[in-house]
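See structure below.
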Amino acid sequence: MISGWPKIIYNTVFIMEQVLNQRNIKVIKSVQAPDKLTHTEVLYGEYPDDGEVLKVLRNLEDQYSENPSYEKLHGYKERLSLSFRHRDSQEIISFSTED
């Protein structure tokens, strides 16, 4: 470096942006037998955004709450999932979300 010349520092910043594909939110239905030894899970549906998922959970909660055969254990507002127990068979039916 020549004395008297300004010191030049090159600062290079690379900004990397990752684009993710739109992923649907899945609603999973699970049924647990009263003996807790049997547990099944199936995909109930896939939805493009959280607004659609909330509509589905709200509708499911209304349907199961109106049916006198089911006892509500918790609703979607508490955990973003639903759980009901069938009064006769004691099976626990749950709906949960995952992305």
Sort segment 25-98 into rounded, prolate or oblate with this rule: let a ≥ b ≥ c be the square roots of the eigenvalues of the Cα gyration tensor; rounded if a/c is under 1.5, and if a/c is not under 1.5, prolate when a/b is larger than b/c, oblate otherwise.
oblate
Derived scalar couplings ³J(HN,Hα) [segment 69-74; Karplus, 6.51 cos²θ - 1.76 cosθ + 1.60; whole Hz; x for Gly, Pro]:
6, 10, 10, 6, 8, 7
Quick one: go through segment 55-99 and flag any residue whose amide nitrogen is under 11 Å from the point 7 Å out along the Cα-to-Cβ line of LYS26.
97-99
May I ask you to list the lysines whose Cα is less than 22 Å away from that of LYS55, ignoring any residue fewer than eight positions away on the same chain?
LYS26, LYS29, LYS72, LYS77
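Read the figures in this text as sums done on the coordinates, not as results from a lab. These figures come from a predicted structure and were not determined experimentally. Note: ideal-geometry Cβ built from the backbone for every residue, glycine included; neighbour counts use all protein chains shown.
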